[in-house]
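Visitor: Handing you a structure now.
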Amino acid sequence: MNEYTPVLVLGALAAGFAVFSIAIAPLTGPKRYNRAKLDRYESGIEPSPLPDGGGKVSVKYFFTAMMFIVFDIEIVFLYPFAVAFDQMSWFAVFAILLFLVNVTIAYAYEWRRGGMEWT
């Protein structure tokens with residue numbers, strides 16, 4: 001049990017901080033209510049009127065963000081491989097090479113489709 005004491009203490013501190021923060025917020029926070037703040041899914045800032053055409057954001061922006069997330073996560077999978085490369089068997093090296101081929105094919109596909117261009 002002595003091995004788990006620091007983990008339990010840290011968990012108790014985190015839970016205590018969470019409960020304290022929730023309990024003290026209504027007492028210390030500002031109480032400026034307006035129509036927008038009481039509306040659902042709003043931050044309290046009066047919404048500004050949209051420009052002509054609706055002010056739509058290009059889908060390419062969201063596509064680029066998703067591409068970044070996917071490739072970023074794939075790169076994170078390479079860190080354990082880099083750290084433990086000396087102790088790996090040939091099967092592990094072959095598996096990571098297949099992974100890299102897969103990432104490269106996806107990257108080339110996106111590049112060829114024009115997903116890397118900002119215009």
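Read-outs: derived from the displayed coordinates by stated rules, not from any lab. This one's a predicted model, so the numbers in the text were calculated from it and none came from an experiment. No Cβ is skipped: glycine too gets one built from the backbone with ideal geometry, and neighbour counts run over all protein chains shown.
Visitor: Name the residues in region 95-119 that are among the charged types (D, E, K, R) and in a helix (DSSP H, G or I), would you? Show your work before the answer.
Guide: Looking only at region 95-119, we keep the residues that are among the charged types (D, E, K, R), and these are 110, 112-113, 117.
If the condition is that a residue be among the charged types (D, E, K, R) and in a helix (DSSP H, G or I), then Glu110, Arg112, Arg113 are the ones that fit.
Visitor: Restricting the search to region 71-111, which residues are under 30 Å from Lys60 (Cα atoms) and polar (S, T, N, Q)?
Guide: Asn102, Thr104
Visitor: Next question, about the same structure. Within region 71-94, how many residues are part of a helix (DSSP H, G or I) and either surrounded by 13 or more Cβ atoms within 10 Å (Cβ to Cβ) or of a type in the set (Phe, Trp, Tyr) (or both)?
Guide: Going through region 71-94 one residue at a time, the tally reaches 10.
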